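Please read the structure below before turning to the comments.
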Amino acid sequence: MISSRNARTVANWAAASALTVLLAACGGGMSLGPMSGSPTPVEPAEAPEMPATIRPDEIVGRWGLASFQNPNDRARTEAAARGQCKQPYVIGAGQSGGVVMHLADQATPQELRLKGSPSGKNYIGPAGPTPGEQDREIISFDGRVLITRFIDKDAAVRYGNMVYVRCAPRA
């Protein structure tokens, strides 16, 4: 026989256990019915790739390149990038409609895509989710000056804000 003091404790434990099972069933995707095999994980649907608001042909060309960490250095860095046009960084047109550029820490350039996002930001990177770890965000672009920053935190710290200044066409 259970004393009234112990009956209350047993009732509280039973109520807490029942509540835990019900909450787990609601939030965890479990069913209270019989289970067949292991639960199937639900993968989020990959959103279709959005087009960027910047076209690849707008950034193909010869660019002076420099970088800055401190936003106060932007004007000085743009001038330094302009001075690099003697040895320009060339962004080429890719065969599949992208642009040919280097990824962080890669010696060989490869074709990358310009990708848009629901937030309105533009990215340059390999095909895949936006933004991907190898992507760089286009911070600003006015046709003459392109500023990007790598998504990967380590690369972003090492490379800073990359400033590309369009070089004048060859005379």
So which pairs qualify, if the first residue must be in region 115-136 and within 18 Å of MET101 (Cα to Cα), the second must be open to solvent by 80 Å² or more (accessible area, probe 1.4 Å) and assigned to a loop (DSSP other than H, G, I, E, B), the Cβ gap must be under 8 Å, and the two must be at least 6 apart or on different chains? GLY116/THR53; ASN122/THR53; GLY125/GLN134; PRO126/GLN134; PRO131/LYS121
Considering only region 147-156, how many residues are open to solvent by 70 Å² or more (accessible area, probe 1.4 Å) and either farther than 19 Å from PRO71 by Cβ or modelled with pLDDT under 95 (or both)? 1
Identify the single condition in (1) open to solvent by less than 70 Å² (accessible area, probe 1.4 Å); (2) modelled with pLDDT under 95; (3) assigned to a loop (DSSP other than H, G, I, E, B) that GLU43 does not satisfy, given that it satisfies every other one. (1)
How many residues does region 85-114 hold that are touching a residue at least 40 places away in the same chain (Cβ under 8 Å) and of a type outside the set (Ser, Thr, Tyr)? 10
Tell me the strands (runs of 3 or more DSSP E) entirely within region 53-122 that contain at least 2 residues that are over 16 Å from LEU146 (Cβ atoms) and open to solvent by 40 Å² or more (accessible area, probe 1.4 Å). 110-116
Within region 157-171, count every residue that is surrounded by 17 or more Cβ atoms within 10 Å (Cβ to Cβ) and outside any strand (DSSP E or B). 3
Do the conditions hold for ARG144, that is, is it open to solvent by 90 Å² or more (accessible area, probe 1.4 Å), in contact with a strand residue (DSSP E or B) (Cβ under 8 Å, 6 or more places away or on another chain) and closer than 23 Å to GLN69 by Cβ? yes
Inside region 123-137, the number of residues satisfying the requirement of being surrounded by fewer than 21 Cβ atoms within 10 Å (Cβ to Cβ) and part of a strand (DSSP E or B) is 1
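The values are calculated or read from the model by the stated rules, or taken from the named source; none is laboratory data. Bear in mind the structure is a predicted one, so any value in this text is a computation, not a measurement. Cβ coordinates were reconstructed from backbone atoms using ideal geometry, including for glycine residues, and neighbour counts include every protein chain displayed. Note: areas computed on protein heavy atoms with side chains; ligands, DNA, RNA excluded. Shrake-Rupley method; radii C 1.70, N 1.55, O 1.52, S 1.80 Å.
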